[in-house]
Structure formats: structure tokens, C-alpha cells
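The values are calculated or read from the model by the stated rules, or taken from the named source; none is laboratory data. Everything quoted here is computed from the prediction, not taken from an experiment. Glycine gets a Cβ as well: all are built from the backbone with ideal geometry, and neighbour counts include every protein chain shown. The accessibility values were calculated without ligands, DNA or RNA, using every heavy atom of the protein model including side chains. Shrake-Rupley method; radii C 1.70, N 1.55, O 1.52, S 1.80 Å.
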Amino acid sequence: MGTACLQGLKTIFKTTSDVLIYPASGTGAWEAALVNTLSPGDRVVIFESGQFASLWSKMAKGLTLKVDAITGDWRRGADADKLRAKLEEDRQHEIKAVMVVHNETSTGVKSDIAAIRKAMDAAKHPALLLVDTISSLASMDYRHDGWGVDVTVCGSQKGLMLPPGLSFNAISGKAVAASKSSLLPKSYWRWEEMLEANRKGFFPYTPATNMLFGLREALKILIEEEGLDNVFRRHDRHAEATRRAVSAWGLEVFAQCPEQFSSSLTAVLLPGGFDEAELRAIILRHFNMSLGAGLGQLAGKVFRIGHLGHFNDLMLAGTLSGVEMGLELAGVPHRKGGVAAALDYLTERARD
Ligand code: PLP
């Protein structure tokens, strides 16, 4: 079972390199990515493009790394031109890693990882590229090898449709080479022992066996039954239907650039003077549906509709119906017809 899970994950990450499995939440895999590749005081660049990127940045500081944060208003993804300029300035190659969150779960903004790789290559900079795909992998197209990523971080509880409890590092040959000289302290997260045990399909400490049974099944569904491309198309369809509902309500999607719209969740901006916590509480009380909160600087301002993982057209229809009824009950100014707009789109796509 260990070997089947490790092999199947390679297909999901689109890599021929190794993928490691930790019995931990995504935060553990964040830490594993940093402590295995870097040394105390190393300089790293991170795009603080949302709440999760900011938390990863805080972790890096806590691990004694020197963090060079590229900030923004959270409505746009990582800016490849800014990165290129920063890397070109760094002639001594002091920057050891670039950290990017592929899909910001707090904002519904997706970053273009291929463009980030291109910028790094154009600057001829040797830094490692570390990418968080916690809310994108197995929901949106992602290519660990194709986009030249060195460490991809993911967790079990989103696109992989599992409970929380497993997390992953997909690692390039360059990342493994960096791990040989990395000096940050590590024990539980150390790749070396993990890779050695994995070669025989085992783990250096007790694996979360119950979760591995689930993972094996999830991989079968994603790869053999539905097929990854169909999985991505389903997520794109649900995201578009959701945005049509938001637009029909007369509300605003938080993400600003259409090419950066997330297919796994949509963050919706409420009109000034209306608190998303109140809207969510009303929807929870009346319809027993829990929406995503506004996180960090977006608390009170946006609510988030998740449409990822084990999800279908009718589940989305129910979700959007709960939001539309909630908007009415909470007295949020909006137009009716969001659900109808989404259903029209889903019906049209069902004919394809
Ligand atoms: N990164 C992203 C993009 C996330 O969405 C999350 C959690 O939702 C995390 C990191 C943290 O993962 P975990 O809560 O599994 O530790």
C-alpha cells in the first residue's frame, strides 16, 4: 500500500521525482520544505499574497531565516516581474529560496508558477523554488516537473478529498542536493531517513495507516475513475458557475484578474457596512451550512465559497441557494437570480 500511494502521488504532482508523506497537517509539510533545504540566517523571498503566505513567512522568520517579503493588496497573485528585478539585484546569490502559494485559500487568487520559474531562469538565479499547493493540487492544473519546482507542499484535506492528517513534499533532485548541506535543525521532518524507508514502501516511523487506505482510494478515483483533466474541468465549471452567481447578485469577486481566478474557491466581497461573520452566522443557523470566514486583514469583509474536492453540480446548487437565501435574511443589498444564473450555466455545460 505504501508503494502504491507513493507512486500514485507522483502522477498527481506530475513528477518523476520523489514525493514524501508525513502524518501531519499542511503546516508540517511547510516546515519540512524549509528545514530540509535551508540553513540558519539564509535569505528567502516570499510573496505575501494572502493570509497563508503570511503565515508561511512568519514560520520562516521563526526558523531564523531572513525573510524578504514582496507585499501587495492580496487581490493579485505573485508578480513575476518584481521577482525578476529582485533576483537580478542579488548578484551574490544570497537569496536561497523563493516561496510562493499557488492558490491563496484566503483570497481565491491563483499565482502563475510557470511565470515565476521563467523569471528565475531569466535572472539566471540559482534559488530554490518552494510552492504551496495545499488548496490547488488535484483541483487545478499543477506541474511539479514541468514548472521546475523544487519543493511542492500539499495536504490531504482539500483536492485529495481526505480528512486532514497527511501532508506531502514533492522534491526535485536539486532540493535533495540542497538537503545534504542544509543546517537547520530537523529530526521528524528529515527527508533522508524517509526516502530510505520509502524505497521499500515503508516509513521511518508509524505512518497514519488509516489515512493511507483513504489516500489509495482517493488516488484511484482521481487518476483512474474520473481522470485528472476531468477533475480540473469540473472545478473550472463550478468556479465559473459561482462567479456567475456572484455577478448576478451584484456582488464583487475579491480576485481582480480573471486569469488568476481560483477554481477551488471564490472569495466574495461584501458591500461596506455589512459583516461577513453575521452573514455566515445566519446561513449556519438557518441552513446548517458553514462558509469560509474572512481571514486576517479580510476578517469582516469577505466570505468564501469552497467548491473543491468531492463536489458536484447539485452540491454547488445547494451551496449557492444557501448563500442567496442568507443574503436576503441578512439584508445585504443584492439582486435575485444568482442561483438561476449558475443553473443556466451548469445546464448549458451539461450538454457538452
Ligand atoms: N497553506 C494553505 C494555502 C492553506 O489553505 C492551509 C490551510 O488551509 C495551510 C497552508 C495550512 O495547512 P494546515 O491547516 O493543514 O496545517
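Taking the options V101, V35, V109, name whichever one is within 16 Å of the ligand (Cβ to nearest atom), touching a residue at least 40 places away in the same chain (Cβ under 8 Å) and more than 30 Å from A255 (Cβ to Cβ).
Details: V101 fails: more than 30 Å from A255 (Cβ to Cβ); V109 fails: more than 30 Å from A255 (Cβ to Cβ).
When all the criteria are applied, what remains is V35.
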So which residues in the range 113-135 are polar (S, T, N, Q) and either more than 15 Å from F47 (Cβ to Cβ) or surrounded by fewer than 24 Cβ atoms within 10 Å (Cβ to Cβ) (or both), if there are any at all?
S135
Filter the range 304-352 down to the residues that are of a type in the set (V, I, T) and over 27 Å from E217 (Cβ atoms), then identify the one that is most open to solvent (accessible area, probe 1.4 Å).
T347
Please enumerate the residues belonging to the range 50-79 that are among the aliphatic types (A, V, I, L, M), closer than 20 Å to D90 by Cβ and away from the ligand (no atom under 15 Å from the Cβ).
L65, V67, A69, I70
Flag if S49 is in contact with a strand residue (DSSP E or B) (Cβ under 8 Å, 6 or more places away or on another chain), open to solvent by 30 Å² or more (accessible area, probe 1.4 Å), touching a residue at least 40 places away in the same chain (Cβ under 8 Å) and at negative phi
no
Could we say that G26 is within 16 Å of the ligand (Cβ to nearest atom) and open to solvent by less than 20 Å² (accessible area, probe 1.4 Å) here?
yes
